[in-house]
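Trainee: Here it is, the structure, as structure tokens.
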Amino acid sequence: MNARKGDSQDRAIVRMAAHLPDLIVYGNFSLERPSVDYFDGVLMFVDISGFTAMTERFSTAMYMDRGAEQLVEILNHYISAIVEKVLIFGGDIIKFAGDALLALWKVERKYLKDIITVVIKCSLEIHGLFETQESEEGLDVRVKIGLSAGHITMLVFGDETRNYFLVMGQAVDDVRLAQNMAQMNDVILSPNCWQLCDRSMIEIERIPDRRAVKVNFLKPPPAFNFDEFFTKCMTFLDYYPSGDHKNLLRLACTLESDPELELSLQKYVMESIFKQDREKAEVIGTAIQDACVHINSVLRVFRGQINKVFMFDKGCSFLCVFGFPGEKAPDEFAHALESAMDIFSFCSQVHKIHTVSIGVTSGIVFCGIVGHSVRHEYTVIGQKVNIAARMMMYYPGIVTCDSVTYNGSNLPTYFFKELPKKVMKGVADSGPVYQCLGLNEKVMFGMAYLSGNRNQDYLLLGRDKEIKIFMCTMKEFLMCNCSRVLMYEGSSGCGKSQILTEIEFLAQGENHRTIAIALTKVSFQQNFYTIQILMASVLGLDTCKHYKERQTNLQNKVKMLLDEKFHCLLNDIFYVQFPISREFSKMSTLRKRKLLEALFMKILEQTVKEERIIFIIDEGQFIDAASWAFMEKLVRTLPVFIIMSLSPFVGLPCSGASAIMKNRNTTYVTLGAMQPKDIRNKVCVDLSVRGISKELDSYLVEGSCGIPFYCEELLKNLDQHRVLIFQPVESEEKANVTWNNLFKNFAKPTEELKMFTLSNEEESEEFCNLASGVRLKNLSPPASLKEISLVQLDSMSLSHQMLVRCAAIIGQTFTTELLFEILPCWNMKMMIKALATLVESNIFDCFRNGKELRMALKQNTASFVVNYRSLSLKPSEGMAHGEEEELRELESEVIECHIIRFCKPIMQKTAYELWLKDQKKAMHLKCARFLEENAHRCDHCRSGDFIPYHHFTVDIRLNTLDLGTIKKMAKSHGFQTEEEISFSKIEIPKKSEIFPESLSSEEIREKILSFLDIIILKMKTSEEDIIPLESCQCEEILEIVTIPLANHFLALGENNKALYYFLEIASAHLLLGDNYMAYVYLNEGERLLKTLNKEKSWNQTFESATFYSLKGQVCFNMGQMVLAKKMLRKALKLLNRIFPNNVISLFLQTHVEKNRHFRYVNQQAQESSPPGKKRLAQLYRQSVCFSLLWRIYSLNYFFYYKYYSQLAAMMQVNTALETQDDFQIIKAYLDYSLHYQLAGYQGVWFKYEVMAMEQVFNLPLKGEGIEMVTYVADTLGYIKLIMGHLDLAYDLGSRAHKMWALLRNPNRHYIVLCWLSKCLLLKTRHKQLVQVLGSLWDLSIAEEHIFSKAFFYFVCLDIMLYSGFVYRPFEECLEFIHQNEDHWILKFQSGMLLGLYSCIAVWYARLQEWQNFHMFSNRAKNLVPRRTPTALYCEGITRYMEGQVLYLQKQIEEQSENAQDSGVELLKNLENLVAQSTTGPVFYPRLYHLMAYVCILMGDGQNCDLFLNTALQLSDTQGNVLEKCWLNMSKEWWYSSSEFMEDQWLQTVLSLPSWEKIVSGKVNMQDIQKNKFLMRVNILDNPF
């Protein structure tokens, strides 16, 4: 049979009936409650094993893609099969109870015999369903079935809004017992069922000492026709589908709309129940009715619901649930206990209820609709449900709770009593069980202290500002004679209690007394409670052990202040027993309260005269109104200091609280979040480690949002899933570098914390890392944090909930355009209004652009002082208008903003998990389709792929392309129309006309510079659109389009598309100079690549080649050349361009490439068709590989490696020529020229520079052509700097600087500023140098660019070391290094940190501070092996060698044993650097200078002269004024007979002038030339 599809399934009444049994659907809807009905029938109780364990497994699942939905699918797969079988055999599912169900066959008594046979047949077939099946989760599902028959009673009860029903009677009791006797796959008949059945049809097995029997099988007579028998039996049932409806599973599917019936059924839906009982329905019906009405009324207050009512063992049980989806509320633990005590109190007084037992448990359970499409129910399954039921059984007559509820309630410990542990059936370990004694707060003297414990070995992190405010306020209080109030407001978990604990410690002192208390939620409900607790401490009652001692103490304190006949006023306050006088009994309540307040004021006045009082109150939001009023009067009257922490008020504060907040002596501090560095420090302290992995650091910093509690919960969750591993510190020298450990990036604590931990004896030598394969971004949030987010989510309107859930699909950050695209049936105005409200509620933050977002992510909102006194001046009637105005302003801000981000990642993850699997897929697909159109480089960069021509090689698009789009994309990649091609061919002049052979090099130089000047003038003045209107937006596109798009495809299971975009992302990060993030996304790509390689249908060689080439780029930038070479060769092999690996193949390949090059150059003028798009993509990748390979081979000292280098450079040129792309050809010519210059081939390099310039002169001067010209000016200038042509380098660099600025390309602009500043430094053009540095600084600040900022400080250090003045002080430079040395961009960019560390080491070596020297020199030493053929690395290694030379001087001075060996090795290393082809000639003067110094130190005067003269000659040739001046001074100093001045450099350092003094004319420019460090030579007469 099948359920009929169609309109019937869509009717509301049919959907409602699916939740209810036929017993109710076709029942009598009498208004009388309770009502009782009697009938006969057969009951089947089916218990399914294994679901509870599986529920627990899913509830603790580590990742977000495993959970409730999978569980629903598995549960319903099995339960729906059982339901269908029962319905086919005519049964009526009475109730689902977790992983069990009760079915009924309601018939007249005379038909029971035959129906029992049918039910046994049904039971055996149910067992047959699960004999061979095993779930995909490894769940072995088995069932136990009990059958009974006889008289059954139904009780219906409830109130006006909800109805419930119970089935009870002997048959119900019997079926439960029968099921309890059953083992797996058994069918047990109760004694009465065995008596009533047809025994001739059943083969049974007796159960020892039991009247019940076990069914083995049916044994019908030979001629028995079961089908005929079954058809006959179905006619005994009232509502079995027959006739036209025979193909239906349930007759209820045919119900027609009936409003009256719908209203009646609706009362049962969602809170209907499964039941059994032993007692007579008439006797207990009224009691259950009264209990049910009261339970409903109590639960409704706290958004709780009755899920089930059933007869459980010896009584009627109600399963009540708080926190159903959509019904989350704050403080559910406390609400559950409060409700439990209320229900316990009421039910204990209801007549006929003998014992009331309540078990309260908290945790994750499964709740959802379970069953078949035509019969199902909303049910709750989980171990916590079982434990609550067992607690009622094993601890009867009381209210009990588990440890999770006890801890989560945040109620005082004296509300509870721990109970002896008992072994409970079916519960492996329940943990501690507590009895709840009641929630009526009493003054428990000595038990209301602060909850936090101060640990002297645990620093209060990130709260210096808050503590400073306290110290200042306390100082004011102690110095004046008036009150002070200090209030710290902050959200839950932000560390308020820890601040107060620290303050309590700091407040201790002579002549004043500190009283600290902590309040709880129930404190608010007790009138005057806070003052009671404070006064008890003032009077010293907290140390009294008995009421008599309190009474004596009180009598002594108040005898002079209060008439003895009124001492009884203190009875209820302090639980004493003074005799009640006649005068007191006649007093009104108001009079008593005023008398009490006056007494307390007198006591405090007397106390204040003796010593100052400081009150510290934690959780101040729980202060009752009467206590607020007294405190307000106290603050006005007496000099006291009140310090409190409080959460934000939910509504308006009472008048007393408002008055205190607005008092002129009140300081109100709104606590901000902890800063990222403080969270990192906290994690290192909590884990007792020296550092944590960068990935873990990012996860905790972002996930915690600066809230300490969030951080702790995230850590606990990680620890629970065992993903944290602790590793000993491994030195970089010993580590074997592989791709997997290439980035050993650990975030370390700040210097402040390092100093604190140094004081501890045991300093950890471990780092915390993540277990292999862990993906933090997919990790499911901890239950505790998910709870907070769900409460917040369920407090929103349904429309706002929908918006948040849709936004969660997009990701942590999203654009308003994409959100609008996926929101169902919303208009823009509606969305903007909702977003503004959610921004105001701190669900979202909005940003105008990506730069704003990046800046906001670097720092959390800090604490600030709120002036509430100014609010008292505002008229109250204007507040509502002000709020509306503020909302309108927010709406305007949201309209202006382009980017929205979740304030808390936990909210995004929680909202994301609420979607069903199919819904997620549909939404991800929507997002992917929208984002796909913008997943390319920005308009400034001509909208191409980050990997050139990438999308032409792989079919990954979801959207179809029209012809216009194809043309646009082709044009963005440089393809021209036929008209454009013919036009460009006509316009191209012949090359001989540009640079005739008769031109000299000087004339060519002037022509090039004039050409660049013309371009700059045209860029500034032309009305044509030749320069972009905005700067590069690629970084923003990467963050809000490409990365989300990759994740959407990942969620859709489209691994090939996800891989495509991960490669794009990695390439984009490399273009933006972020090596580490490129590495991260390549690892994401590698995981997908492994998966795809297993699929036979996937074969994409280009993707694999791209993957390895990008890996090679990362390794190259890291200075890991062996790895880089391996990756690049592998990429070339996949691109069908194998690079030779032995000498024979090397020379063969060289011959082939030379012929190829000759052919390309000679056929250049001839027409040839351009390569196809796929071929172009391959050629571009090959070109990248060759460009890096020739540099890698240049680094090697073996002579034949220069041939490999030359071949790679030639193959790059040939590849570029094949592309027929101007930019590739120009780049290759310049690279080829640089290769020949570094290799020392004087004649060849000039030819290729001229060829590159000829290409440039042929370019159309607009758009990409202008950018190519600028690139050439930049690159050529850089080459000239390396080769030591400083004047030409400056001329080209200054022009490139102007052109990049006009083109608004900061990613290229900062590079030219960096090397231009070095050029000006060597030329000692200080004025221009400072101007360039100013531009570099402005750019680094505007773009938040860490690399350019680091280079800025690198040059500042060089200025101090070599130029003789100070541009930025040494301390500022050092502070920058301390703060940013762990920054991933600096740490994984070979050269920068080497240079910075070495400069600091040189500084300390000159000052002879050798301990500091070794600290920084050793850090630099670890970076030396990461050799890259770049000017930055050469600069860094030169500084490092200078430091080693100065240390050699110290060794010689101290007559160290190995000084001579060190000197010889040092000289050899310096010579190797000079001999190495990748070291540019611009560094030779400094290296020769150092070599000369080493020689003179070692007594080798002859070589010293040689090296010194060579350095002087090179400096003169290059125009290196800085080095030349220093060399002349050294020569004069070394060879003069003047005596050595011990502290000359120290004196020089102290008198180094600032740039401001030089500009103002206070210092002569000529004088600063003399501020040079002169290396000592007359250390010893005979050093060796």
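Trainee: Quick one: is T379 modelled with pLDDT of 90 or more, buried (at least 22 other Cβ atoms within 10 Å of the Cβ) and either of a type in the set (D, E) or part of a strand (DSSP E or B) (or both)?
Mentor: Criteria not met by T379.
Trainee: Give the residue that is surrounded by the most Cβ atoms within 10 Å (Cβ to Cβ), with candidates limited to residues of region 570-584 that are without any contact (Cβ under 8 Å) to a residue 40 or more places away in the chain and assigned to a helix (DSSP H, G or I).
Mentor: In this case the residue turns out to be L570.
Trainee: Run down L1339, L1374 and say which single residue is touching a Ser or Thr at 6+ places or on another chain (Cβ under 8 Å), surrounded by fewer than 20 Cβ atoms within 10 Å (Cβ to Cβ) and either at pLDDT 90 or above or under 29 Å from T1021 (Cβ atoms) (or both).
Mentor: Being touching a Ser or Thr at 6+ places or on another chain (Cβ under 8 Å), surrounded by fewer than 20 Cβ atoms within 10 Å (Cβ to Cβ) and either at pLDDT 90 or above or under 29 Å from T1021 (Cβ atoms) (or both) holds for just one of L1339, L1374, which is L1339.
Trainee: Let me ask something additional. Hand me the list of helices (runs of 4 or more DSSP H) wholly inside region 1172-1257 holding 3 or more residues that are touching a His at 6+ places or on another chain (Cβ under 9 Å) and crowded, with 23+ Cβ neighbours inside 10 Å.
Mentor: Those helices (runs of 4 or more DSSP H) span 1173-1194, 1201-1219.
Trainee: A further question on this structure: Would you check if there is a residue in region 348-358 being within 30 Å of P648 (Cα to Cα) and outside any helix (DSSP H, G or I)?
Mentor: no
Trainee: Please report, ordered by residue number, the strands (runs of 3 or more DSSP E) entirely within region 806-873 with at least 3 residues that are modelled with pLDDT of 90 or more.
Mentor: Fully inside region 806-873 and qualifying: 813-815, 844-847.
Trainee: Counting only residues that are in a loop (DSSP other than H, G, I, E, B) and touching a residue at least 12 places away in the same chain (Cβ under 8 Å), how many does region 514-550 have?
Mentor: Of the residues in region 514-550, 8 are in a loop (DSSP other than H, G, I, E, B) and touching a residue at least 12 places away in the same chain (Cβ under 8 Å).
Trainee: If you don't mind, there's one more thing I want to ask. Considering only region 889-900, state which residues are in contact (Cβ under 8 Å) with a residue 40 or more places away in the chain, open to solvent by 30 Å² or more (accessible area, probe 1.4 Å) and not β-branched (V, I, T).
Mentor: Within region 889-900, E891, E893, E896, H898 meet the criteria.
Trainee: Within region 618-634, track down each residue that is in a helix (DSSP H, G or I), surrounded by 17 or more Cβ atoms within 10 Å (Cβ to Cβ) and out of contact with any helix residue (DSSP H, G or I) (no Cβ under 6 Å at 6 or more places or on another chain).
Mentor: G620, Q621, A626, M631, L634
Trainee: Right, something else. Looking at this structure, is R1308 touching a residue at least 12 places away in the same chain (Cβ under 8 Å) and in contact with a His (Cβ under 8 Å, 6 or more places away or on another chain)?
Mentor: So R1308 fails the test.
Trainee: Collect the residues in region 908-955 that are farther than 19 Å from G811 by Cα and among the aliphatic types (A, V, I, L, M), keeping them in residue-number order.
Mentor: Those that are farther than 19 Å from G811 by Cα and among the aliphatic types (A, V, I, L, M): I947, V954.
Trainee: If you check L534 against the conditions, is it more than 46 Å from the chain's Cα centre (by Cα), buried (at least 20 other Cβ atoms within 10 Å of the Cβ) and not polar (S, T, N, Q)?
Mentor: no
Trainee: Scan region 1077-1103 residue by residue and report those that are of a type outside the set (A, V, I, L, M, F, W, C) and crowded, with 21+ Cβ neighbours inside 10 Å.
Mentor: Result: Y1079, Y1081, E1084, G1085, E1103.
Trainee: Can I ask one more? Exactly one of these conditions fails for V404: (1) more than 25 Å from S497 (Cβ to Cβ); (2) outside any loop (DSSP other than H, G, I, E, B). Give me its number.
Mentor: (1)
Trainee: Return the total of residues in region 334-357 being closer than 16 Å to V298 by Cβ, of a type outside the set (S, T, N, Q) and open to solvent by 30 Å² or more (accessible area, probe 1.4 Å).
Mentor: The qualifying residues number 6.
Trainee: Can I ask one more? Anything in region 79-117 that is at pLDDT below 90, closer than 19 Å to V172 by Cα and surrounded by fewer than 23 Cβ atoms within 10 Å (Cβ to Cβ)? List them, or say none.
Mentor: Correct list: A100 only.
Trainee: Scanning for something in a loop (DSSP other than H, G, I, E, B) and under 17 Å from L1009 (Cβ atoms), does region 1261-1268 turn up at least one residue?
Mentor: yes
Trainee: Additional query: Condition (residue is in contact with a helix residue (DSSP H, G or I) (Cβ under 6 Å, 6 or more places away or on another chain), surrounded by fewer than 18 Cβ atoms within 10 Å (Cβ to Cβ) and among the acidic types (D, E)) applied to region 811-833: is it met by at least one residue?
Mentor: Looking through region 811-833, at least one residue is in contact with a helix residue (DSSP H, G or I) (Cβ under 6 Å, 6 or more places away or on another chain), surrounded by fewer than 18 Cβ atoms within 10 Å (Cβ to Cβ) and among the acidic types (D, E).
Trainee: Condition first: modelled with pLDDT of 90 or more and open to solvent by 10 Å² or more (accessible area, probe 1.4 Å). Now tell me which residues in region 1487-1502 satisfy that.
Mentor: Y1488 - this is the single residue of region 1487-1502 that is modelled with pLDDT of 90 or more and open to solvent by 10 Å² or more (accessible area, probe 1.4 Å).
Trainee: Within region 734-752, track down each residue that is crowded, with 17+ Cβ neighbours inside 10 Å and either modelled with pLDDT under 70 or of a type in the set (F, W, Y) (or both).
Mentor: The answer is W739, F743, F746.
Trainee: Related question: Could you give me the residue pairs with C-beta distances under 9 Å whose first residue belongs to region 70-84 and is within 18 Å of R142 (Cβ to Cβ) and without any contact (Cβ under 8 Å) to a residue 60 or more places away in the chain, whose second residue is open to solvent by 30 Å² or more (accessible area, probe 1.4 Å) and of a type in the set (A, V, I, L, M, F, W, C) wherever it lies, and which are 6+ apart or on separate chains?
Mentor: Short answer, once both residue conditions are applied: A81/L129.
Trainee: Being part of a loop (DSSP other than H, G, I, E, B) and open to solvent by 30 Å² or more (accessible area, probe 1.4 Å) is the filter here, so list the residues in region 11-26 that pass it.
Mentor: Scanning region 11-26 gives R11, Y26.
Conditions (1) of a type in the set (A, V, I, L, M, F, W, C); (2) open to solvent by 30 Å² or more (accessible area, probe 1.4 Å), marked per residue:
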residue: L1407; (1), (2): yes, yes
residue: P1425; (1), (2): no, yes
residue: T1438; (1), (2): no, no
residue: I1452; (1), (2): yes, no
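Trainee: From E476, E441, E466, grab the single residue that is surrounded by 21 or more Cβ atoms within 10 Å (Cβ to Cβ) and at pLDDT 80 or above.
Mentor: Sole residue among the options that is surrounded by 21 or more Cβ atoms within 10 Å (Cβ to Cβ) and at pLDDT 80 or above: E466.
Trainee: A further question on this structure: Note down all Cβ pairs under 7 Å where the first residue falls in region 1236-1252 and is over 18 Å from L1207 (Cα atoms), the second is surrounded by fewer than 21 Cβ atoms within 10 Å (Cβ to Cβ), and they're at least six residues apart or on different chains.
Mentor: Pairs found: V1250/F995; V1250/I1004.
Trainee: Yes or no: region 585-601 includes at least one residue that is of a type in the set (F, W, Y), part of a helix (DSSP H, G or I), in contact with a Cys (Cβ under 6 Å, 6 or more places away or on another chain) and farther than 30 Å from S492 by Cα.
Mentor: no
The values are calculated or read from the model by the stated rules, or taken from the named source; none is laboratory data. No experiment lies behind these values; they were computed from the predicted model shown. Cβ coordinates were reconstructed from backbone atoms using ideal geometry, including for glycine residues, and neighbour counts include every protein chain displayed. When the accessible area is computed, the model is the full protein with side chains, heavy atoms only, and any ligands, DNA or RNA have been set aside. Shrake-Rupley method; radii C 1.70, N 1.55, O 1.52, S 1.80 Å.
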